[in-house]
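Participant: To start, I am sharing the structure in question, which I have written as structure tokens.
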Amino acid sequence: EQQRHLKKLRQTALEGMTFFEQFQPCLVGSLLSGSAGLYTEIHLHLFADYSEEVNLYLLDKHIDHEVVQQRYFINGETALTVSVYRFMADDIVIEASVFPQVTRRQTVHIR
């Protein structure tokens, strides 16, 4: 059961990354690290000059979503608040955090 669910998570994550291709998506979190469980959400980091670009993209595709703000730290020190878009795909929650393009190759984490 868990192996089948993990396969579904990975497939949905791949589809999500393809869907968000223009925003240079990166898979992060427990699905990437291999510690995903039955209730794991898919976490993607997206990159755009303006987070509103992702909002408009989701609206254009008629995808119901909610937006929250999350505080991250860049390179362990600089605090940055970003928009996080939450929505469902194949009964799985996807969280897509939108970062400025300039943070693309930097270490990002929640403290």
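Bear in mind that the values in this text are calculations on the coordinates, not laboratory data. Keep in mind it's a predicted model, so treat the numbers as computed, not measured. Positions of Cβ are backbone-derived with ideal geometry, glycine not excepted, and every protein chain shown enters the neighbour counts.
Participant: Could you give me the percent of Cα pairs per 5 Å distance bin for the chain, shortest bin first, beginning at zero and ending with the bin that holds the maximum distance?
Facilitator: Pairs per bin, as whole percents: 2, 12, 23, 25, 19, 13, 5, 1, 0.
Participant: Turning to a different aspect of this structure: Using only Cα atoms and rounding to the nearest 10 degrees, what angle (0 to 90) does helix 2-19 make with the longest principal axis of the chain?
Facilitator: Orientation of helix 2-19: about 40 degrees from the principal axis.
Participant: Follow-up question, since we're still on this one. Pull up the DSSP beta bridges for the chain and report the antiparallel fraction as a percent, rounded to 5. Don't jump to the answer; show the numbers that get you there.
Facilitator: Numbers: 21 of 27 bridges.
Percent antiparallel among DSSP bridges in the chain is about 80.
Participant: Give me ILE94, ILE74 sorted ascending by neighbouring Cβ count inside 10 Å, so fewest comes first.
Facilitator: Numbers: ILE94 22, ILE74 16.
So the residues, fewest neighbours to most, are ILE74, ILE94.
Participant: Taking the Cα centre of the range 2-109 as the origin and placing charges on Cβ (Lys, Arg +1; Asp, Glu -1), which of ILE42, VAL102, TYR57 is farthest toward the positive end of the dipole?
Facilitator: Looking along the dipole axis, the top candidate is ILE42.
Participant: From the backbone phi of the range 75-84, what are the Karplus-calculated ³J(HN,Hα) couplings (6.51 cos²θ - 1.76 cosθ + 1.60, θ = phi - 60°) in whole Hz, Gly and Pro given as x?
Facilitator: 6, x, 9, 7, 7, 9, 9, 10, 7, 10
Participant: Further question on the same structure: Can you tell me the dipole magnitude for the chain around its Cα centre, using point charges on the Cβ only (Lys, Arg +1; Asp, Glu -1), in Debye to the nearest 20?
Facilitator: Working: 10 positive and 14 negative charges, 94 e Å.
In debye, rounded to 20, the chain gives about 460.
Participant: Moving to a separate point now. Which order, highest average first, do 78-91, 58-71 follow once you tally other Cβ atoms within 10 Å for each residue and take the mean per peptide?
Facilitator: Details: 78-91: 14.1, 58-71: 11.1.
Packing proxy ranking, top to bottom: 78-91, 58-71.
Participant: Counting pairs of alpha carbon atoms under 8 Å apart in space and at least six apart in sequence, what relative contact order in percent does the chain give? Before the final figure, lay out the partial values.
Facilitator: Details: 170 pairs, mean separation 28.2, N = 111.
Relative contact order comes out at 25 percent.
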